[in-house]
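Before any comments, here is the structure.
The values are calculated or read from the model by the stated rules, or taken from the named source; none is laboratory data. All values derive from a computational prediction rather than experimental measurement. All Cβ positions, even for glycine, are placed from backbone atoms using ideal geometry, and neighbour counts span all protein chains on display.
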Amino acid sequence: MASYQSFYDQSLANPEAFWKEQAQAIHWFEHPEEILYKDEHDLPRWYKGGSMNTSYLALDYHVENGRADQVALIYDSPVTDTIQKYTFRELRDEVARFAGVLQSKGVEKGDTVVIYMPMIPQTAIAMLACARIGAIHSVVFGGFAAHELAIRIDDAKPKLLLAASGGLEIKRVIDYMTIVNKAIEEATHQPDACIVYQRDFIKAPLKEGRDYDWDQVLQLAVPAPYVPLLPADPLYILYTSGTTGKPKGIVRENGGHAVAMKFSMKYVYGIEPGEVYWAASDVGWVVGHSYIVYAPLIHGCTTILFEGKPIKTPDAGTFWRVIEQHQVNVFFTAPTAFRAIKKADPESIFFKKYKLESLRTLFLAGERCDVTTLNWLRDLLQIPVIDHWWQTESGWPMIANMSGVELLPIKPGSAGKAVCGYDIRILDPECNELPPNTEGAVAIHLPLAPGCLPNLWQDTERFKNSYLAPYPGYYFSGDGGYKDEDGYIFITGRIDDIINVAGHRLSTAEMEEVVAAHPAVAECAVIGIRDDLKGQKPIGFVVLKEGINLTEAELEAELVQMVRDQVGPVASFKRAIICDRLPKTRSGKILRKIMRNIADEVQYNPPSTIEDMSVLGELEQLVKEKHVGS
Ligand code: COA
Ligand code: AMP
């Protein structure tokens, strides 16, 4: 095996040769004719021509090649007290039947299907069934409210909507169909039909003529064969928060994605086919798409679909229990989950109950990993604990310690080095590369590696403006960071208005739209401030209209409910503070970064463009009085 450096250098020196070779690791019905090309928008794309099918790679390929009876998926649900296992053959058969259901409802190659479902096997089955027939799925995370679902329905224009009757948040029952009904009512686009998976603990009333019972339609279904697809055919759309109120529809295409999934399992996660891989996330996020569903299955691993939380389901030992019980070899989750576990089990009493010999490596991502948590985990587990960095846009790691190539020394605080295929640079605003240890914008010299977004769903202009225009020739990640003299990259956080709450990516602009719509609000700013457990949490600063007679507590309660109803509980919007005015530039732009610094009580330099310096003192005083940082 090559060293990391030589492998990485090869990937940049001759990307076409490198990714041609990596593409051999997956089964193509017909090999691609070109490796790297420019599409009709003059954008770089990977793998032109040839044919393949992602669902085939994840399932049928293994059934045909000796893994038919290996467990493919373990559904472990402490909230319903269920453990259910599917072999590759069983999962393939379930997927083929559900693909038949989709076809029976008129879904064809290129149609979109929205999936609003909790962490149950049927969700993964639905995704793989779409992939089998070339339909494009768009999974919406269950913690989003009806309005967010409606926005996504209007953008993706699904032929069909797949839902479950409900989910369980620890013990709280989430009535999914009430949310679906509200969303469909709000949306302009109307799906032809909904297929609803009825769970034991909540039965949803079905709307005659629109809704179908999952099990009933499944009984009538004829299994559907997989459809050969072009590598450039879209596999899914996944909406993620942007800097405006409208989420971005990240497109993932079949070919590059399958190659990247396979490549990352071997070279980043260092796992072999037949081993057990667990990503404790949610299928509604990119981690769930890539590392609960597609990558482990394509690689021939057993994957775990966990319906629970790191704590309270039933206790802070639940992760350790799953690792021991299912003999997990590689584990991946967000640091916030471990901060919750550490808080609930500071003496590691639960941890000591389990034997974790199977566990070889722990990967963390989704948010900045604080050094305290990383070191705590390293000391506790005595295995490599690897922070790594990526985004919904990339679909797989861009900065990591490529443990399957060579485990490099770990520098706590750094997300590692650039992954093969990613030419990562730290740039100043004029697009010049900055010297080591100097903070700037994290950008990637084009082309991005296979698997990364080729475009936004039906919005090339936004794609170009958001990602390509800020630094010509580069993809702009939205993150800030620096590189040290050894090439280790340290991510310092978003430099736009996106925040990261408990590993969930959220837009303050979306919350601001909701807060601004309150009749008492003249203007407002929602910013993300530091939080010991969730990394960040949102907080609203609100200027009231003249003559409003509302207490801060009353206003806060109303705003919290509005954000919950319109964005969703996952926003964790819990605080709103009334202030006399907001700090602004002379041209009227709200100085959100300065507000963030004030709220976090960190030093800042007021910009020369500020309209009135005295507002900063007022804000500092207010933040102290209201104990914002605590
Ligand atoms: N459906 C409905 N509601 C959901 C939901 C879902 N799928 N996921 C979260 N919510 C709700 C929660 O119930 C909570 O509601 P509440 O305000 O009524 O309590 C709210 O959204 C906030 O959820 P969360 O941010 O998850 O906070 P929490 O306090 O419930 O749990 C942690 C804290 C740290 C345990 C939890 O955030 C966690 O497990 N994080 C791991 C992060 C992760 O997997 N990230 C994915 C990227 S790798
Ligand atoms: P998402 O698209 O939801 O995966 O969120 C991506 C964003 O999460 C990135 O742009 C970063 O801001 C943040 N992020 C993800 N992983 C890390 C990490 N390892 N370190 C720091 N920030 C991270």
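Scan region 343-387 residue by residue and report those that are under 27 Å from the mean Cα position of the chain (by Cα), more than 16 Å from ligand 2 (Cβ to nearest atom) and of a type in the set (Phe, Trp, Tyr).
Hit for region 343-387 is Trp376, nothing else.
Residue-by-condition table, conditions (1) more than 23 Å from the chain's Cα centre (by Cα); (2) within 13 Å of ligand 1 (Cβ to nearest atom); (3) buried (at least 19 other Cβ atoms within 10 Å of the Cβ); (4) under 24 Å from Lys248 (Cβ atoms):
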| residue | (1), (2), (3), (4) |
| --- | --- |
| Val501 | no, yes, yes, yes |
| Ala517 | yes, no, no, yes |
| Ala520 | yes, no, no, no |
| Arg530 | no, no, no, no |
| Leu533 | no, yes, no, no |
| Phe541 | yes, no, yes, no |
| Gly547 | yes, no, no, no |
| Glu552 | yes, no, no, no |
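So which residues in region 561-604 are assigned to a loop (DSSP other than H, G, I, E, B), touching a Phe, Trp or Tyr at 6+ places or on another chain (Cβ under 8 Å) and farther than 30 Å from Val180 by Cβ?
Hits for region 561-604 are Cys579, Leu582.
Working only within region 165-192, note down all residues that are outside any loop (DSSP other than H, G, I, E, B) and surrounded by fewer than 19 Cβ atoms within 10 Å (Cβ to Cβ).
Taking region 165-192 first, the residues outside any loop (DSSP other than H, G, I, E, B) are 166-169, 172-186.
Those that are outside any loop (DSSP other than H, G, I, E, B) and surrounded by fewer than 19 Cβ atoms within 10 Å (Cβ to Cβ): Glu169, Arg172, Val173, Ile174, Asp175, Thr178, Lys182, Glu185, Glu186.
Can you find a residue in region 557-568 that is in contact (Cβ under 8 Å) with a residue 24 or more places away in the chain and out of contact with any helix residue (DSSP H, G or I) (no Cβ under 9 Å at 6 or more places or on another chain)?
yes
Is it the case that region 28-51 has a residue that's at positive phi, crowded, with 18+ Cβ neighbours inside 10 Å and either at pLDDT 95 or above or among the small types (Gly, Ala, Ser) (or both)?
If we filter region 28-51 for residues that are at positive phi, which is where we start, we get 42, 47, 49-50.
Those left that are additionally crowded, with 18+ Cβ neighbours inside 10 Å: 47, 50.
Now restrict to residues that are either at pLDDT 95 or above or among the small types (Gly, Ala, Ser) (or both): 47, 50.
So far as region 28-51 goes, yes, one or more of its residues are at positive phi, crowded, with 18+ Cβ neighbours inside 10 Å and either at pLDDT 95 or above or among the small types (Gly, Ala, Ser) (or both).
Let's see how each residue does on (1) within 19 Å of His257 (Cβ to Cβ); (2) modelled with pLDDT of 95 or more; (3) touching a helix residue (DSSP H, G or I) at 6+ places or on another chain (Cβ under 7 Å); (4) not aromatic (Phe, Trp, Tyr):
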position: Leu407; (1), (2), (3), (4): no, yes, no, yes
position: Cys420; (1), (2), (3), (4): yes, yes, yes, yes
position: Lys464; (1), (2), (3), (4): no, yes, no, yes
position: Tyr467; (1), (2), (3), (4): yes, yes, no, no
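Within region 605-622, which residues are part of a loop (DSSP other than H, G, I, E, B) and of a type outside the set (A, V, I, L, M)?
Asn605, Pro606, Pro607, Ser608, Thr609, Glu611, Asp612
Which of (1) within 14 Å of ligand 1 (Cβ to nearest atom); (2) not assigned by TED's automatic domain parsing to the domain that holds Leu128 does Trp320 not meet, given it meets every other one?
Trp320 satisfies every listed condition except (1).
Report, by residue number, each residue of region 198-217 that is over 18 Å from Phe306 (Cα atoms) and either within 16 Å of ligand 2 (Cβ to nearest atom) or part of a strand (DSSP E or B) (or both).
Listed by number, the residues that qualify are Ile202, Asp211, Tyr212, Asp213.
Any chance you could count how many residues in region 469-488 are under 21 Å from the mean Cα position of the chain (by Cα) and over 10 Å from Glu439 (Cα atoms)?
So the count comes out to 5.
Please state which of the following conditions Asp531 fails to meet, knowing it meets all the rest: (1) assigned by TED's automatic domain parsing to the domain that holds Lys589; (2) within 15 Å of ligand 2 (Cβ to nearest atom); (3) in contact (Cβ under 8 Å) with a residue 60 or more places away in the chain.
Condition not satisfied by Asp531: (3).
Which numbered condition in (1) part of a strand (DSSP E or B); (2) hydroxyl-bearing (Ser, Thr, Tyr); (3) surrounded by fewer than 20 Cβ atoms within 10 Å (Cβ to Cβ) is the only one that Thr80 fails?
That leaves (1) as the condition not met.
Go over the candidates Gly255, Gly270 one by one and state the one that is closer than 21 Å to Ala449 by Cα, more than 17 Å from the chain's Cα centre (by Cα) and part of a helix (DSSP H, G or I).
Within the list Gly255, Gly270, the selection yields Gly255.
Against the definition (part of a loop (DSSP other than H, G, I, E, B) and not basic (Lys, Arg)), how does Asn549 come out, yes or no?
Taking the combined requirement at face value, the residue satisfies it.
Just need a number here: residues in region 288-301 that are closer than 17 Å to Pro450 by Cβ and within 14 Å of ligand 2 (Cβ to nearest atom).
The number of residues fulfilling the criteria is 3.
Could you list, in sequence order, the residues of region 45-77 that are touching a strand residue (DSSP E or B) at 6+ places or on another chain (Cβ under 8 Å) and part of a loop (DSSP other than H, G, I, E, B)?
Once the filter is applied, which keeps residues that are touching a strand residue (DSSP E or B) at 6+ places or on another chain (Cβ under 8 Å) and part of a loop (DSSP other than H, G, I, E, B), region 45-77 yields Gly49, Gly50, Asn53, Ala68, Asp69, Gln70.
Name the one entry in Val107, Val71 that is hydrophobic (A, V, I, L, M, F, W, C), surrounded by 13 or more Cβ atoms within 10 Å (Cβ to Cβ) and in contact with a Phe, Trp or Tyr (Cβ under 8 Å, 6 or more places away or on another chain).
Matching residue, one of Val107, Val71: Val71.
When both residues are 6+ apart or on different chains and their Cβ atoms are under 8 Å apart, which pairs have a first residue that lies in region 44-60 and is in the same structural domain as Ala129 (by TED's automatic domain parsing), and a second that is of a type in the set (S, T, N, Q) and at pLDDT 95 or above?
Met52/Asn254; Asn53/Asn254; Thr54/Asn254
Could you check region 329-351 and list, in sequence order, the residues that are in a loop (DSSP other than H, G, I, E, B), of a type in the set (A, V, I, L, M, F, W, C) and either in the same structural domain as Glu169 (by TED's automatic domain parsing) or surrounded by fewer than 22 Cβ atoms within 10 Å (Cβ to Cβ) (or both)?
Within region 329-351, Ile349, Phe350 meet the criteria.
Within region 503-513, restricting attention to residues that are surrounded by fewer than 24 Cβ atoms within 10 Å (Cβ to Cβ) and within 16 Å of ligand 1 (Cβ to nearest atom), which residue is nearest to Val567 (Cα to Cα)?
Arg505
Of (1) more than 16 Å from ligand 2 (Cβ to nearest atom); (2) over 25 Å from Gln22 (Cα atoms); (3) in the same structural domain as Gly249 (by TED's automatic domain parsing), Trp285 satisfies all except one. Which?
(1) is the only condition that Trp285 fails.
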